[in-house]
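K.L.:
A single structure is presented below for examination.
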Amino acid sequence: PIYLPMARSALNRDYLSRKDDGLYGQLDADSQTKVLPIYKGKVLLAGSINDAKPELKFFAPADIPTESYLAYLGKATGGHELAEGTSVILADVDQALAETLEPNPDNWHVLRRTGAGMSDLGIGIYAQALALANWHNTHSHCPKCGALTQIIDAGWVRRCPVDGQEIYPRTDPAIIVSVIDHQDRILLGSQGVWEENRWSILAGFVEPGESLEAAVVREMFEESGLRVVHPRYLASQAWPFPYSLMLGYTAKIAADSDGTLHPDGEEIEKLRWFSREDITREASALLLPGRLTISRAIIEHWYGGEIISASELA
């Protein structure tokens with residue numbers, strides 16, 4: 001099995017309650033209710049960003065104006081930092097409220113690189129909240145007529161006031177692939193904008209009318225010039241930057257391929273085959289994807305254990 005940090009959750013999404021027009025009033029009256037504020041995609045932590053197990057910082061409804069409420073996220077399940085049954089509301093706060101809640105802007109964090117140690121509850125809430133907030137902030141108007149849409153169903157639907165069209169949260173599927181050659185080496189690539197010696201496996205978005213397996217074959221050929229065969233699904237996890245779903249695969253290069261690499265020069269500037277011995281020998285100099293990512297999980301799944309790279313030694 002592959003351990004995926006952002007595939008975890010300990011939140012009952014309680015979807016049936018979303019249709020209740022009086023939901024927020026009931027939640028405000030519940031002393032257990034917690035509100036998670038998000039400001040420009042950033043959250044606050046109850047402790048330090050350097051804590052081994054960081055926790056989200058929640059507020060009482062009295063601390064957050066109801067007009068900032070963006071969505072009802074659900075109820076906590078037991079065994080975590082919130083009591084079982086605690087309702088959680090997402091609030092999208094403006095600069096003035098953000099400065100009131102936490103005046104130091106450095107204490108607002110995007111947990112893209114630092115959230116791997118969070119609990120199942122915390123990381124599940126974070127992924128759900130950030131993806132929803134990103135969707136709302138980029139889909140505020142009707143795609144047909146341009147009218148400002150209304151938020152309904154406790155933040156899970158936007159409705160056009162002109163024609164009644166309902167718009168639902170967006171999730172963009174993307175495949176990410178460990179390509180393996182005839183010598184059981186893994187293919188890693190580097191983008192031109194990355195730091196020197198930063199590597200990852202290859203990925204790309206699924207196009208309209210395309211199966212996941214077809215996307216694997218197409219994207220790997222486009223980015224590396226390799227023909228791959230027998231794509232095999234491994235695992236998936238949310239990646240709310242802004243609202244993707246990463247679907248992990250592994251695939252072999254075609255039997256008649258000699259493994260010659262042709263980076264596309266646009267997304268991928270460099271490509272290289274790595275053996276396990278290469279990884280072991282060079283780990284202290286390699287910059288691998290962060291531990292929150294599915295790419296790191298897939299690389300370590302192929303490698304057969306944890307890799308301590310330059311990313312952790314820095």
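K.L.:
Could you count how many residues in segment 165-198 are within 30 Å of V35 (Cβ to Cβ) and not in a strand (DSSP E or B)?
P.N.:
Qualifying residue count, segment 165-198: 5.
K.L.:
Would you please name the residue that is farthest from the chain's Cα centre (by Cα), looking only at residues in segment 88-102 that are among the β-branched types (V, I, T) and closer than 11 Å to P65 by Cβ?
P.N.:
So, considering only residues that are among the β-branched types (V, I, T) and closer than 11 Å to P65 by Cβ, the one farthest from the chain's Cα centre (by Cα) is T100.
K.L.:
Give me a count of the residues in segment 49-60 that are within 17 Å of Y39 (Cα to Cα), open to solvent by 40 Å² or more (accessible area, probe 1.4 Å) and aliphatic (A, V, I, L, M).
P.N.:
Final tally of qualifying residues: 2.
K.L.:
Output the residues belonging to segment 7-41 that are in a strand (DSSP E or B) and surrounded by fewer than 18 Cβ atoms within 10 Å (Cβ to Cβ).
P.N.:
Within segment 7-41, N12 is the sole residue that qualifies.
K.L.:
So, in segment 61-96, exactly how many residues are surrounded by fewer than 18 Cβ atoms within 10 Å (Cβ to Cβ) and of a type in the set (A, V, I, L, M, F, W, C)?
P.N.:
Summing the residues that are surrounded by fewer than 18 Cβ atoms within 10 Å (Cβ to Cβ) and of a type in the set (A, V, I, L, M, F, W, C) in segment 61-96 gives 3.
K.L.:
Mind checking which pairs have a first residue in segment 86-110 that is over 17 Å from L132 (Cα atoms) and without any contact (Cβ under 8 Å) to a residue 60 or more places away in the chain and a second that is part of a helix (DSSP H, G or I) and not acidic (D, E), Cβ under 9 Å, 6 or more apart or different chains?
P.N.:
Final answer for the pair search is E99/P105; P105/A98.
Residue-wise test of (1) in contact with a strand residue (DSSP E or B) (Cβ under 8 Å, 6 or more places away or on another chain); (2) under 21 Å from G25 (Cα atoms); (3) in a loop (DSSP other than H, G, I, E, B).
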position	(1), (2), (3)
A52	no, no, yes
E67	no, yes, no
Y72	yes, yes, no
G78	no, no, yes
A83	yes, yes, yes
A96	no, no, no
T114	no, no, yes
G117	no, no, yes
L121	yes, no, no
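K.L.:
While we're on this one: Has segment 17-33 got at least one residue that is free of Cβ contacts under 8 Å to residues at least 40 places away in the same chain and of a type in the set (F, W, Y)?
P.N.:
no
K.L.:
Out of all the residues in segment 268-313, which are surrounded by fewer than 16 Cβ atoms within 10 Å (Cβ to Cβ) and in a loop (DSSP other than H, G, I, E, B)?
P.N.:
E269, S275, G304, G305, E306, I308 - these are the residues of segment 268-313 that are surrounded by fewer than 16 Cβ atoms within 10 Å (Cβ to Cβ) and in a loop (DSSP other than H, G, I, E, B).
K.L.:
Next up: Taking into account only those residues within segment 217-245 that are polar (S, T, N, Q) and open to solvent by less than 10 Å² (accessible area, probe 1.4 Å), which is nearest to the chain's Cα centre (by Cα)?
P.N.:
Q237
K.L.:
Taking segment 206-238, which residues are basic (K, R) and either in a loop (DSSP other than H, G, I, E, B) or within 14 Å of S178 (Cβ to Cβ) (or both)?
P.N.:
R227, R232
K.L.:
Could you check, for segment 134-150, whether at least one of its residues is in contact (Cβ under 8 Å) with a residue 40 or more places away in the chain and assigned to a strand (DSSP E or B)?
P.N.:
No, segment 134-150 has no match at all.
K.L.:
Assuming G248 fulfils every condition listed in (1) in a strand (DSSP E or B); (2) surrounded by fewer than 21 Cβ atoms within 10 Å (Cβ to Cβ) apart from one, which condition is it?
P.N.:
So G248 meets the others, but not (2).
K.L.:
Restrict the check to segment 122-145 and report whether at least one residue is more than 28 Å from D21 (Cα to Cα), open to solvent by less than 20 Å² (accessible area, probe 1.4 Å) and not β-branched (V, I, T).
P.N.:
No; the residues of segment 122-145 include none that is more than 28 Å from D21 (Cα to Cα), open to solvent by less than 20 Å² (accessible area, probe 1.4 Å) and not β-branched (V, I, T).
The values are calculated or read from the model by the stated rules, or taken from the named source; none is laboratory data. None of the values given here were measured: they were computed from a predicted structure. Backbone-built Cβ (ideal geometry, glycine too); neighbour counts: all protein chains shown. What goes into the accessible areas is simple: the full protein's heavy atoms, side chains included, and nothing from ligands, DNA or RNA. Shrake-Rupley method; radii C 1.70, N 1.55, O 1.52, S 1.80 Å.
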